[in-house]
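Engineer: To start, I am sharing the structure in question, which I have written as structure tokens.
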Amino acid sequence: MTNGLKIDIGCGSCKKDGYLGVDILDVPGVDHIVDLRTESLPFPDKSVASVFSSHFLEHIADPTRIFAEISRVSMEGAMLELWTPYAWSNSAFIIDHKLFFTEDHYLHMCNWYVDFWKNILHARWALLEFQYVITPAVLAELAHNNVDLDFAIRYHKGVVAEFCARIEISRDDRADAVSIPRRTFSLDRDSTRYLLPDRVSSAPSVASLNAAINKFSSTKAS
């Protein structure tokens, strides 16, 4: 891993320090001019130790080919750090954005349909963490109005400014166990990350479901 390459995909003129920049545009900071919609990454198989991407993937209608290319060039244990606008933020819908990322995009690949995606990626993508950036003003307003942060992230619009999926790549067939990613929030990308509570999905009890029905309805429909 210490000898592996570090690449920033879709870097534009804001390449991450210490990384090789890949972009379709010929601008300062770009080391390899590549149209990843049709061209391959210019790196050998299993040569990359770290992949960073910031606000690039949402410009691609279907990033499946790009994900496969990332897999091809990634070493065993390579780490991915993929930043996009969160789907339920206003900035997700600006001009030229074609895909609106939520947790489900990564859970689909890493947790829910592992065998399907292993045929495409030829690797196991282990989802380690979702990081949500909540601006100080939003966090303070939620606290002032007594709104639970975890509830707000799940059900409210405009809470998360951007989010990141951190993923580890493995080709070890023994690494098939599906891990539950930890969930963190921070005030910006690089500040302290704080743990959010684990989300346990379970069916509500009959009593709690009936109570909810009674709360939100006045009478049965005929």
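The values are calculated or read from the model by the stated rules, or taken from the named source; none is laboratory data. No experiment lies behind these values; they were computed from the predicted model shown. Positions of Cβ are generated from backbone atoms using ideal geometry, with glycine treated the same way; all protein chains shown enter the neighbour counts. Areas reflect the complete protein model, heavy atoms only, side chains present, ligands, DNA and RNA absent. Shrake-Rupley method; radii C 1.70, N 1.55, O 1.52, S 1.80 Å.
Engineer: Just one of 208, 179 is assigned to a loop (DSSP other than H, G, I, E, B) and small (Gly, Ala, Ser); which is it? Give the steps one after another, and end with the answer.
Structural biologist: Details: 208 fails: assigned to a loop (DSSP other than H, G, I, E, B).
One residue alone meets the criteria, 179.
Engineer: Counting only residues that are part of a strand (DSSP E or B) and open to solvent by 20 Å² or more (accessible area, probe 1.4 Å), how many does the range 53-70 have? Full working, then the answer.
Structural biologist: First, the residues of the range 53-70 that are part of a strand (DSSP E or B): 53-54.
Filter again for open to solvent by 20 Å² or more (accessible area, probe 1.4 Å), leaving 54.
Of the residues in that region, 1 qualify.
Engineer: Are any of the residues in the range 86-96 open to solvent by less than 10 Å² (accessible area, probe 1.4 Å), assigned to a helix (DSSP H, G or I) and either touching a strand residue (DSSP E or B) at 6+ places or on another chain (Cβ under 8 Å) or of a type outside the set (S, T, N, Q) (or both)?
Structural biologist: Looking for residues that are open to solvent by less than 10 Å² (accessible area, probe 1.4 Å), assigned to a helix (DSSP H, G or I) and either touching a strand residue (DSSP E or B) at 6+ places or on another chain (Cβ under 8 Å) or of a type outside the set (S, T, N, Q) (or both), one finds at least one in the range 86-96, hence yes.
Engineer: Condition (residue is within 21 Å of residue 54 (Cβ to Cβ), modelled with pLDDT of 95 or more, open to solvent by less than 20 Å² (accessible area, probe 1.4 Å) and hydrophobic (A, V, I, L, M, F, W, C)) applied to the range 172-189: is it met by at least one residue?
Structural biologist: no
Engineer: Pairs, please: C-beta under 7 Å, at least 6 apart or cross-chain, first residue in contact (Cβ under 8 Å) with a residue 40 or more places away in the chain and more than 21 Å from residue 16 (Cα to Cα) and in the range 45-73, second in a loop (DSSP other than H, G, I, E, B) and open to solvent by 30 Å² or more (accessible area, probe 1.4 Å)?
Structural biologist: 72/45
Engineer: Next up: Need the failing condition index for residue 36 against (1) under 17 Å from the mean Cα position of the chain (by Cα); (2) crowded, with 18+ Cβ neighbours inside 10 Å, just the number.
Structural biologist: (1)
Engineer: Looking at the range 151-162, can you tell me whether even one residue there is in a strand (DSSP E or B) and either over 17 Å from residue 81 (Cα atoms) or touching a residue at least 24 places away in the same chain (Cβ under 8 Å) (or both)?
Structural biologist: So in the range 151-162, the residues in a strand (DSSP E or B) come out as 162.
Cutting the leftovers down to either over 17 Å from residue 81 (Cα atoms) or touching a residue at least 24 places away in the same chain (Cβ under 8 Å) (or both) gives us 162.
Looking through the range 151-162, at least one residue is in a strand (DSSP E or B) and either over 17 Å from residue 81 (Cα atoms) or touching a residue at least 24 places away in the same chain (Cβ under 8 Å) (or both).
Engineer: Moving to a separate point now. Residue check: is residue 29 at pLDDT below 95, of a type in the set (Gly, Ala, Ser), over 21 Å from the mean Cα position of the chain (by Cα) and open to solvent by 20 Å² or more (accessible area, probe 1.4 Å)?
Structural biologist: Details: at pLDDT below 95: yes; of a type in the set (Gly, Ala, Ser): yes; over 21 Å from the mean Cα position of the chain (by Cα): yes; open to solvent by 20 Å² or more (accessible area, probe 1.4 Å): yes.
Yes; evaluated as a whole, the condition is true for this residue.
Engineer: Going through the range 97-114 one residue at a time, which ones are among the hydrophobic types (A, V, I, L, M, F, W, C) and open to solvent by 70 Å² or more (accessible area, probe 1.4 Å)? First the steps, then the outcome.
Structural biologist: Initial filter on the range 97-114 (among the hydrophobic types (A, V, I, L, M, F, W, C)): 99-101, 107, 109-110, 112, 114.
Selection gives 100, 112.
Engineer: Of all residues in the range 125-160, which are among the hydrophobic types (A, V, I, L, M, F, W, C) and either at positive phi or open to solvent by 40 Å² or more (accessible area, probe 1.4 Å) (or both)?
Structural biologist: 128, 137, 139, 140, 143, 147, 151
Engineer: Quick one: residue 67 ticks every box in (1) touching an Asp or Glu at 6+ places or on another chain (Cβ under 7 Å); (2) under 30 Å from residue 13 (Cα atoms) bar one, so which box is it?
Structural biologist: Among (1) touching an Asp or Glu at 6+ places or on another chain (Cβ under 7 Å); (2) under 30 Å from residue 13 (Cα atoms), residue 67 violates only (1).
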